[in-house]
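Input: a single structure, listed below in structure tokens.
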Amino acid sequence: MTGRPQTVSVLLFTRHGIPLLKDETKPAPHYWKLPGGKGGPGNETPQGIAIRKIKEKVGISLSAGDLTLVQSQDRGDHDFSFFVARPHRETKPKNRGEGGEIIELFDPQEILDIGDLFPNHRSLVQGQLSKR
């Protein structure tokens, strides 16, 4: 835990596919993105943020054992953590995120063919899918 602002992204492998979110309420361009988000004011660990954000945005409950930290970076004004998650128990992801984001499930082989995948997330996903 640190006093610095924290953000996380999670590549979530479910038996239904990999959920990606698109928020068309924000200014364009509208990209498909990995679920994740920002933490509270220094009182949450990156792992805690990942568990909370997946539950809020996708509707799947994770435990600490479901998460693997793949990368953590100092991005100047905040710390970023990238996790891969494979839930031991799961339900089907929601169709809409907490903020009205569209949620779609993608097969791992088709994710890199998505033309409007967020560029920063494309490189993260590509690195993980090449290991499979």
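The values are calculated or read from the model by the stated rules, or taken from the named source; none is laboratory data. On a predicted model such as this, the values are computed, not experimentally measured, just so you know. Methodologically, a virtual Cβ is constructed for each residue, glycine included, from the backbone with ideal geometry; neighbour enumeration extends over all protein chains shown. For accessibility, only protein heavy atoms count, side chains too; no ligands or nucleic acids. Shrake-Rupley method; radii C 1.70, N 1.55, O 1.52, S 1.80 Å.
Size of the dipole of the chain about the Cα centre, Lys and Arg at +1 and Asp and Glu at -1 on the beta carbon, nothing else charged, in debye to 20?
The dipole of the chain has a size of about 300 debye.
Can you figure out the FRET efficiency of THR25 with GLN47, using R₀ = 22 Å and their beta-carbon distance, to the nearest 0.05? Don't skip to the end; give the middle numbers.
Details: r = 28 Å, r/R0 = 1.29.
That gives a FRET efficiency of 0.20.
Counting only protein heavy atoms, what percent of the accessible surface of the stretch 1-128 is carbon or sulfur at a 1.4 Å probe?
Working: 3230 of 6670 Å².
Answer for the stretch 1-128 is 48 percent, counting heavy atoms of protein chains only.
Over the chain, what is the percentage of antiparallel beta bridges among all DSSP beta bridges, to the nearest 5?
Of the beta bridges lying entirely in the chain, close to 70 percent run antiparallel.
A 25 angstrom limit on the alpha carbon distance is what I want to check against. Which of LYS38/LYS131; LYS33/LYS53; LYS94/LYS131 exceed it?
LYS38/LYS131; LYS94/LYS131
With the other protein chains left in place, how much accessible area per residue, in square angstrom, belongs to the chain at a 1.4 angstrom probe?
Accessible surface, normalised per residue, equals 54 Å².
Ratio of Rg to Rh for the stretch 65-132, alpha carbon only, Kirkwood?
The Rg/Rh ratio comes out at 0.97.
Between GLU110 and SER61, what FRET efficiency follows from the Cβ-Cβ distance if R0 is 35 Å, with the result rounded to 0.05?
Working: r = 26 Å, r/R0 = 0.75.
Efficiency at R0 = 35 Å is approximately 0.85.
Kindly rank 6-12, 107-113, 96-102 from highest to lowest mean number of other beta carbons found within 10 Å of each residue.
6-12, 96-102, 107-113
Taking 0.36 nm per residue of sequence separation and subtracting the Cα-Cα distance, how much length would be gained by fully extending the chain between LYS38 and ARG96, in nm to one decimal?
Details: separation 58, 0.36 × 58 = 20.88 nm, distance 1.87 nm.
Taking 0.36 nm per residue and subtracting the Cα distance, the gain is 19.0 nm.
If one puts a single equal scatterer on every Cα of the chain and applies the Debye formula without solvent, what log₁₀ I(q)/I(0) results at q = 0.15, 0.17 Å⁻¹?
Results for the chain at q = 0.15, 0.17 Å⁻¹ read -0.68, -0.89.
For every helix of n ≥ 4 consecutive DSSP H residues, a contribution of -39,500 (n - 2.57) applies; sum these over the chain, divide by its total residues, and give [θ] at 222 nm rounded to the nearest 500 deg cm²/dmol. Provide the component values of the computation, followed by the final result.
On the way: 3 runs with 28 residues, N = 132.
So the helix-based figure for the chain works out to -6000 deg cm²/dmol.
Work out how much length THR68 to ARG122 would gain on full extension: take 0.36 nm times their residue separation and subtract the Cα-Cα distance, in nm to one decimal.
Stretched out fully, the THR68 to ARG122 stretch lengthens by 17.6 nm.
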